[in-house]
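Notes for the one structure printed next.
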Amino acid sequence: MDQSIYSFRGADFRNILNFEIGWPEAKIITLEENYRSTPQILSAANAVIAKNKLRKPKNLFTKTGDGEKIAIYAAESGEDEADFIAARTKSALDAGIKPENIAVLFRTNAQSRILEEKFLAYGVPYYVVGVKFYARKEVKDVLAYIRASLNPSDLISKKRIINSPTRGIGKTLLVKYLAGAELKPAERDKISDFEKLLLGIRSSAERLPASRAVMSVIKKSGYPEIFDPETEEGAMRLANIKELVSLSVKFDGLNPPEGIIKMLEEASLMSEQDSVSENKKGVPLTTVHAAKGLEFDHVFIAGLEDGLFPHTTVGGGDEKLRLEEERRLFYVALTRARKKIYLSLAFFRTIFGERQVNMPSRFLEDIPAEILEQADNGKTIELS
């Protein structure tokens, strides 16, 4: 019950909660002894999940010896946080810890982008559980809009996005358009609207700083409108699109359209490196959902800020139920670790091109202070 985290797939934890009502003669056996984690990790997990009201009492314990305190790193920025995680991981590997015994967990898959960048910079072998950032459909589509607008002869990019979102341009019309064949008046109108869209995007790319140009592309294309922000998947895909804006901010100092061109070059380079390293060897970077059922000696849990973890913008319905599921998700994250946990957060993140101020996750306040320690060089935060 404490690990029920899939309501967005239709799962209802209340089926477990009400089991005894439907089966009153059943004997309930509570399994509380844990053979995986240290006392400190279990103490944190127990304290966090105890705040949930809709659950059966359960308190994990272990007979293993004492372990290390849980380290917390409060970073200035998301980039600083990713740098800390990559550097600590590199140190662990240099000390002889195997990469498969380390994991980096996060709430949303958009968070993998900056981590991938830093792991490459430090030369740390890694793989993304699921799809790497630049291989995600929504990311590839937005980049294709930019490429097609700046290079009218890029037929591959045009083919990718000509009917995404839907514009009534079917396969037959697409073939005729790409072949330069004669079109019927109604067909010409559809193609004309598409080409006007690309011209508008090109105008933005040629006169705006990189991040504002990417924002303009996203808005003009109408692409985000196909995603429902109230669903888990829709929110994640929108977050990936917004992350493209965040990564392009560093090119804003270049004169247009050089900034957007440099961003495209970096995206191509990262994509090439992704294809070379697609071997599932190294340190896994994964969402907490995808990590359920797995275990590692050393676990980093990133992005522990209110609004991100707990993620408070998706799910609809009852806010209390959503928060309880977010707390169960954090419980799952904590209990992936066998020996050591690093919790991290960033006071500032660049979201959709804007610098956002963050508060530490409310879940951190649930962890007993005596089992926490400040990681080296991190900002000091006061927790109850």
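The values are calculated or read from the model by the stated rules, or taken from the named source; none is laboratory data. Just so it is clear, the structure is predicted and the values come from calculations on it, not from any experiment. Here the Cβ is made from the backbone with ideal geometry for all residues, glycine too, and neighbour counts use every protein chain on show.
If you go through segment 87-107 and keep only what is among the basic types (Lys, Arg) and crowded, with 18+ Cβ neighbours inside 10 Å, you end up with Arg88, Arg107.
Please go through segment 129-182 and give me each residue that is of a type in the set (Ser, Thr, Tyr), in a helix (DSSP H, G or I) and either touching a residue at least 40 places away in the same chain (Cβ under 8 Å) or under 17 Å from Asn240 (Cα atoms) (or both), ordered by number.
Across segment 129-182, the qualifying residues are Tyr134, Tyr145, Ser149.
State all residues of segment 347-379 that are in a strand (DSSP E or B), touching a residue at least 12 places away in the same chain (Cβ under 8 Å) and hydrophobic (A, V, I, L, M, F, W, C); if no residue qualifies, say none. Residues satisfying the conditions are Phe347, Phe348, Ile351, Leu372.
If you go through segment 332-344 one residue at a time, do you hit one that is in the same structural domain as Arg88 (by the TED database), over 28 Å from Leu294 (Cβ atoms) and surrounded by fewer than 22 Cβ atoms within 10 Å (Cβ to Cβ)?
Residues of segment 332-344 in the same structural domain as Arg88 (by the TED database): 332-344.
Checking which are over 28 Å from Leu294 (Cβ atoms) leaves us with none.
Checked against the condition, which is being in the same structural domain as Arg88 (by the TED database), over 28 Å from Leu294 (Cβ atoms) and surrounded by fewer than 22 Cβ atoms within 10 Å (Cβ to Cβ), segment 332-344 yields no hits at all.
Just one of the listed residues (Met236, Met263) is under 19 Å from Ile201 (Cα atoms) and of a type outside the set (D, E, K, R), and it is Met263. For first residues located in segment 63-86 and assigned by the TED database to the domain that holds Ala302 and basic (Lys, Arg), partners that are part of a helix (DSSP H, G or I) and surrounded by fewer than 20 Cβ atoms within 10 Å (Cβ to Cβ) and lie 6+ apart or on another chain with Cβ distances below 7 Å form the pairs Lys69/Ile371.
Here Ile114 fulfils each of the conditions (1) in contact with a helix residue (DSSP H, G or I) (Cβ under 9 Å, 6 or more places away or on another chain); (2) more than 22 Å from Thr350 (Cα to Cα); (3) crowded, with 18+ Cβ neighbours inside 10 Å; (4) in contact (Cβ under 8 Å) with a residue 60 or more places away in the chain apart from (2).
Would you check if Leu238 is touching a Pro at 6+ places or on another chain (Cβ under 8 Å), in a helix (DSSP H, G or I), buried (at least 20 other Cβ atoms within 10 Å of the Cβ) and modelled with pLDDT under 95? Judged against the criteria, Leu238 is a match.
Output the residue which, of all residues in segment 310-337 that are assigned to a loop (DSSP other than H, G, I, E, B) and in contact with a strand residue (DSSP E or B) (Cβ under 9 Å, 6 or more places away or on another chain), is modelled with the highest pLDDT. Per the criteria, the residue is Arg336.
With respect to the stated conditions, Ser153 fails to be modelled with pLDDT under 95, under 18 Å from Lys137 (Cα atoms) and polar (S, T, N, Q).
Considering only residues that are β-branched (Val, Ile, Thr) and touching a Leu at 6+ places or on another chain (Cβ under 9 Å), look in segment 50-86 and name the one that is surrounded by the fewest Cβ atoms within 10 Å (Cβ to Cβ).
Within segment 50-86, the match that is surrounded by the fewest Cβ atoms within 10 Å (Cβ to Cβ) is Thr62.
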